[in-house]
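**Student:** This is the structure I have questions about; it appears just below.
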Protein chains: 2
Amino acid sequence: MQGKSDRAYHHGDLKRVIIETAQDMLREEKGWQFTLREVARRAGVSHAAPYKHFPDKSALLAELATLGFNEMGRQIALELERQFRSPHAEFIAASKAYIRFGTTTPSLYRLMFSADVDKSSFPNLDEAGNNAFALLLGILDRGQKSGALKKQPVRAQAAAAWSLLHGFTMLSIDGQLLHDKVGTKPIDVVLTCMLEGFEN
Amino acid sequence: MQGKSDRAYHHGDLKRVIIETAQDMLREEKGWQFTLREVARRAGVSHAAPYKHFPDKSALLAELATLGFNEMGRQIALELERQFRSPHAEFIAASKAYIRFGTTTPSLYRLMFSADVDKSSFPNLDEAGNNAFALLLGILDRGQKSGALKKQPVRAQAAAAWSLLHGFTMLSIDGQLLHDKVGTKPIDVVLTCMLEGFEN
DNA sequence: CAACATATGTTTTCACTGTAAACATAGAGC
DNA sequence: GCTCTATGTTTACAGTGAAAACATATGTTG
């Protein structure tokens, strides 16, 4: 195993490098129109090499999306480790972490919800998404049990919360929630509206 | 002007035909990966002909998105012509029309909010989107003036409502709000949640 | 009404893409 | 040490968006 030597016929760690290169390009450009060949070029391998690790481009995109859901979950979970004075505060904190993830890595976030990655073809992706959703369910469930939130079917409540967060994030990425259109600090207003609908 | 004769060198109405063909393909496939050449083939013209009407593919997509916003606005406006017992009912009706448009023409709806159509490059597109947003502003404004809704900055309230609708629509299209994940009739729960946050 | 400018078509050409197939080589297990 | 397999490379192909050169209607103008 020659490892990372510069001119090894067998790269040794190509899959990781391909993923990281693709992640870079996803950040640099504003979408996932980057070509597999360009990824290969930047990784310093032949244009066919990536196909030894991913059957096609959509498989690579699915991998990026899966990693994205995992990372998003990690960031939200990290936020949730803090102590909160109330379920209200916990919900706000998690929501802001969600929105921050989306607006900080817009192309990735978009990719995660794009029709170009088919969840039914990539079970890992579907699972990663569900794990993130479970965090939201947990927050609302705790809120209901504490009496702070209305007792509603928690999954329906979660659908509402997720819809709001997803919509807000997407519109923000889109630049549709700029000041002159929507006023200042829409994030707080928006989250407050939702919570007032939730709370007792 | 030979008009629609089958074998005219000058088609006479190509732009419209190209748009309609592209609209068809947008409905048939699940995205806008269709090629300009395929559009041309189906329209029965050479593969370069579309370039006489659209500088590039993104311009055609922008046109489709613009028409989409206009059509969505039309459908919502049509719904609003009815008489409503309350601002509440009016909001619900408009929301359902919005969501229906999105879930009925998912690819088009996705395109309208895709990064592949750059609003800053296509002023018409931006304007069409703003017109649709204005409908929402009107509903909330009337609701506030009637005393049914809280007096909040109406644009911020609209941001919240739009976020919820957009998120719900996108997640529905994505198949993320299916029964086992989220319960029955999430649409009603979701809209109710939001409205309870809005109302006095 | 003839001539021409322009709008709208077609053909040809190009660089590039995703992907498949054939081939090469390094490392792992026998 | 030999072979198998995983992981590379090279070569090949059909198809793409787009530009350029060319063709033909159409409508304007003398």
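**Student:** Out of the residues in segment B:116-133 that are more than 13 Å from chain A (Cβ to nearest Cβ) and surrounded by fewer than 17 Cβ atoms within 10 Å (Cβ to Cβ), state the one that is farthest from B:Phe69 (Cα to Cα).
**Tutor:** It comes out as B:Pro123.
**Student:** Residues of segment B:175-200 being touching a Leu at 6+ places or on another chain (Cβ under 8 Å), at pLDDT 90 or above and open to solvent by 10 Å² or more (accessible area, probe 1.4 Å), which ones?
**Tutor:** B:Leu177
**Student:** With respect to A:Thr103, determine if the residue is of a type in the set (Val, Ile, Thr), more than 16 Å from DNA strand D (Cβ to nearest atom) and surrounded by 20 or more Cβ atoms within 10 Å (Cβ to Cβ). Even if it seems obvious, please write down each step before you answer.
**Tutor:** Details: of a type in the set (Val, Ile, Thr): yes; more than 16 Å from DNA strand D (Cβ to nearest atom): yes; surrounded by 20 or more Cβ atoms within 10 Å (Cβ to Cβ): no.
So A:Thr103 does not fit the description; no.
**Student:** Does segment B:155-169 contain at least one residue that is at pLDDT 95 or above and in contact with a strand residue (DSSP E or B) (Cβ under 7 Å, 6 or more places away or on another chain)?
**Tutor:** no
**Student:** Could you go through segment A:86-94 and let me know if any residue there is surrounded by fewer than 17 Cβ atoms within 10 Å (Cβ to Cβ), in contact (Cβ under 8 Å) with a residue 60 or more places away in the chain and part of a helix (DSSP H, G or I).
**Tutor:** Within segment A:86-94, none of the residues are surrounded by fewer than 17 Cβ atoms within 10 Å (Cβ to Cβ), in contact (Cβ under 8 Å) with a residue 60 or more places away in the chain and part of a helix (DSSP H, G or I).
**Student:** Is there any pair with a first residue in segment A:61-74 that is of a type in the set (Ser, Thr, Tyr) and a second that is open to solvent by 10 Å² or more (accessible area, probe 1.4 Å) whose Cβ atoms are under 6 Å apart and which are 6 or more apart or on different chains, and what are they?
**Tutor:** Qualifying pairs under 6 Å: A:Thr66/A:Asn124.
**Student:** When B:Ile92 is evaluated against the numbered criteria (1) within 11 Å of another protein chain (Cβ to nearest Cβ); (2) within 14 Å of B:Phe168 (Cα to Cα); (3) not small (Gly, Ala, Ser), which criterion, by number, is the only one it fails?
**Tutor:** (1)
**Student:** While we're here: Among the numbered conditions (1) at the interface with chain B (Cβ under 7 Å from one of its Cβ atoms); (2) crowded, with 22+ Cβ neighbours inside 10 Å; (3) within 15 Å of B:Thr192 (Cα to Cα), tell me where A:Ala161 comes up short.
**Tutor:** It fails just one condition, (1).
**Student:** Another one. Grab the helices (runs of 4 or more DSSP H) fully contained in segment B:1-80, keeping just those with 2 or more residues being more than 13 Å from DNA strand C (Cβ to nearest atom), in the same structural domain as B:Leu125 (by TED's automatic domain parsing) and crowded, with 18+ Cβ neighbours inside 10 Å.
**Tutor:** B:57-80
**Student:** Select from segment B:151-200 the residues that are of a type in the set (Gly, Ala, Ser) and either in a helix (DSSP H, G or I) or closer than 17 Å to B:Gly102 by Cβ (or both) and list them in ascending order.
**Tutor:** The answer is B:Ala156, B:Ala158, B:Ala159, B:Ala160, B:Ala161, B:Ser163, B:Gly167, B:Ser172, B:Gly175, B:Gly197.
**Student:** Sticking with this structure for a sec: With the requirement that a residue be within 7 Å of chain B (Cβ to nearest Cβ) and of a type outside the set (D, E, K, R), what does segment A:166-191 give you?
**Tutor:** Initial filter on segment A:166-191 (within 7 Å of chain B (Cβ to nearest Cβ)): A:166-168, A:170-171, A:174, A:177, A:181-183, A:186, A:189-190.
Selection gives A:His166, A:Gly167, A:Phe168, A:Met170, A:Leu171, A:Leu177, A:Val182, A:Gly183, A:Pro186, A:Val189, A:Val190.
**Student:** Looking only at segment B:140-150, which residues are in a loop (DSSP other than H, G, I, E, B) and modelled with pLDDT of 95 or more?
**Tutor:** B:Ser146, B:Gly147, B:Ala148
The values are calculated or read from the model by the stated rules, or taken from the named source; none is laboratory data. On a predicted model such as this, the values are computed, not experimentally measured, just so you know. Backbone-built Cβ (ideal geometry, glycine too); neighbour counts: all protein chains shown. All accessible areas refer to the heavy atoms of the entire protein, side chains included, with ligands and DNA or RNA removed. Shrake-Rupley method; radii C 1.70, N 1.55, O 1.52, S 1.80 Å.
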